[in-house]
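Worksheet for the structure shown next.
The values are calculated or read from the model by the stated rules, or taken from the named source; none is laboratory data. From a predicted model like this one, the values you see are computed outputs, not experimental measurements. Counting neighbours? That spans all protein chains shown, and the Cβs are built from the backbone with ideal geometry, glycine included.
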Amino acid sequence: MKARIVRRQDVLKIADLLRQQGYEVIAPFRGRGRDTFFDTVTDGNRDQIQIHLPNPYYPPKRYVFPQIEPLLKIERRNGDLQIAPIYDVRRRAIFGIRSCDVAGIYHLDRFYLGREYPDIYYQNHRKNLFLVNVACTDPELDIGEECFCMCTDTGPAARDHFDLQLFDLQQAGLGDEFMAVAGTPAGEALFASPIFGKGSPQHAARRRGILEQVRKLFKPSTTSWFSAAIQAVSRGEVTDETWEQIGNRCLECGGCTYVCPACTCFTVTDRPVEAGVERLRIWDSCALGGFTRMAGGFNPRRAVHDRRNRRFFRKLAHYFIQRELSMACVGCGRCAAVCHGDIGMPSVVEMIRHAALRGKEA
Ligand code: SF4
Ligand code: SF4
């Protein structure tokens with residue numbers, strides 16, 4: 001991978017370059033309090049783009065897998081039915097996407113494009129997407145209490161699946177440069193701009209040193225036991241009693257799935273529009289009762305814990321990891337931050353590990 005150096009004062013010019021190339025550029029901004037969000041960059045807000053900030057809860061996966069996506073328009077004209085697909089082929093660049101969310105999009109790639117029949121709607125978004133990853137290096141702003149990308153091997157600096165990666169070389173207030181690493185030919189093409197200069201072995205050494213320090217900042221959380229949970233779930237060692245304990249704490253709000261950058265489930269519905277009907281794809285959640293309800297009303301997973309175990313089986317079982325060559329949990333910690341019942345991924349991993357240990361000790 002080719003690397004260059006860019007000065008801090010020039011970093012936002014990368015967003016300008018992408019806008020000049022015709023991309024709608026999406027970047028992170030600050031709202032009130034802890035609130036942070038991704039939004040389209042305009043001339044008016046360009047200077048407010050944040051390089052370091054707590055990762056927005058609403059994940060950027062919506063730019064490849066929108067929460068509500070029109071699929072088809074169905075109209076009756078002169079007695080005939082006309083069915084027209086609705087494709088969104090906007091060129092978009094996400095500037096400042098975190099490493100966990102890059103891994104989340106890669107997981108969606110595997111799910112929607114990795115098998116015999118690629119999803120054409122997802123494909124249209126994805127082929128027009130450019131990713132500028134910012135490695136998480138700021139201990140105060142980037143690395144949250146709940147982050148555990150170290151355990152899922154997805155951060156704090158992504159190794160692949162981005163077009164360009166920016167790594168802040170500031171250490172102890174010194175250094176006013178970023179290292180830019182190209183992950184694709186499209187990323188490397190940006191290096192033609194004069195804002196990028198050649199790096200030195202000292203720059204590479206500083207990057208390694210900062211990364212080593214940053215890795216020590218992650219709390220040795222319960223997610224250190226991730227592999228124990230994967231083994232217990234994959235071997236079917238988690239008892240109904242444990243799933244019930246987990247399910248009893250779920251309020252069925254769906255928050256964990258809506259914030260998850262690696263959740264893929266959706267439902268399809270129609271809504272009336274002028275002169276016809278529009279078919280939509282909408283995010284769905286295994287936390288919700290209607291997710292598994294069949295026509296006629298029968299629900300094979302009526303109990304909450306039957307749906308909760310589905311979520312964690314999907315994310316932790318060896319079968320899915322083998323099928324998709326990518327895990328459906330990327331360690332972003334969002335589900336831990338939003339869950340009212342404290343059954344985000346780290347807590348569940350710990351509950352499963354404890355239960356599996358108890359079973360072995362008994
Ligand atoms: S966020 Fe927590 S309470 Fe809400 S659906 Fe998910 S597991 Fe249940
Ligand atoms: S399961 Fe939780 S921690 Fe894992 S990717 Fe989804 S929201 Fe993030």
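Worth pointing out:
- Every condition in (1) assigned to a loop (DSSP other than H, G, I, E, B); (2) among the small types (Gly, Ala, Ser); (3) surrounded by 13 or more Cβ atoms within 10 Å (Cβ to Cβ) is met by Gly33 except one, and the failing one is (3).
- Among the residues of region 311-341, those identified as over 16 Å from Asp153 (Cβ atoms) and within 13 Å of ligand 2 (Cβ to nearest atom) are Arg311, Phe312, Phe313, Arg314, Phe320, Arg334, Cys335, Ala336, Ala337, Val338, Cys339.
- Qualifying residue in region 286-302 (condition: over 17 Å from Ala103 (Cβ atoms), at pLDDT 90 or above and buried (at least 19 other Cβ atoms within 10 Å of the Cβ)): yes
- Test result for Tyr106, over 24 Å from Asp39 (Cβ atoms) and in contact with a Ser or Thr (Cβ under 8 Å, 6 or more places away or on another chain): no
- Boolean, Gly144 is assigned to a helix (DSSP H, G or I), under 28 Å from Leu325 (Cβ atoms) and of a type in the set (Gly, Ala, Ser): no
- Residue count, region 235-266 (criterion: among the β-branched types (Val, Ile, Thr), more than 16 Å from ligand 2 (Cβ to nearest atom) and surrounded by 20 or more Cβ atoms within 10 Å (Cβ to Cβ)): 2
- The residue list Ala186, Ala157 contains one member that is among the aliphatic types (A, V, I, L, M), over 18 Å from the mean Cα position of the chain (by Cα) and more than 16 Å from ligand 2 (Cβ to nearest atom), which is Ala186.
- Hey, Ala303 away from ligand 2 (no atom under 15 Å from the Cβ) and in contact (Cβ under 8 Å) with a residue 24 or more places away in the chain or not: yes
- Qualifying residue in region 267-287 (condition: within 24 Å of the chain's Cα centre (by Cα), farther than 30 Å from Cys151 by Cα and either within 14 Å of ligand 2 (Cβ to nearest atom) or of a type in the set (D, E, K, R) (or both)): yes
- Arg249 vs. criteria free of Cβ contacts under 8 Å to residues at least 40 places away in the same chain, of a type outside the set (A, V, I, L, M, F, W, C) and within 16 Å of ligand 1 (Cβ to nearest atom): no
- Restricting Arg91, Arg76, Arg98 to those that are in the same structural domain as His125 (by TED's automatic domain parsing) and surrounded by 19 or more Cβ atoms within 10 Å (Cβ to Cβ) reduces the list to Arg98.
- The single condition among (1) hydrophobic (A, V, I, L, M, F, W, C); (2) in contact with a Cys (Cβ under 8 Å, 6 or more places away or on another chain); (3) within 16 Å of ligand 1 (Cβ to nearest atom); (4) more than 25 Å from Lys127 (Cα to Cα) that Val259 does not satisfy is (4).
- Subset of region 60-82 [out of contact with any helix residue (DSSP H, G or I) (no Cβ under 6 Å at 6 or more places or on another chain) and closer than 13 Å to Ile26 by Cβ]: Arg62, Tyr63, Pro66
- Residue selected from region 201-225 under the condition touching a residue at least 60 places away in the same chain (Cβ under 8 Å) and under 11 Å from Ile5 (Cβ atoms), by the criterion surrounded by the most Cβ atoms within 10 Å (Cβ to Cβ): His203
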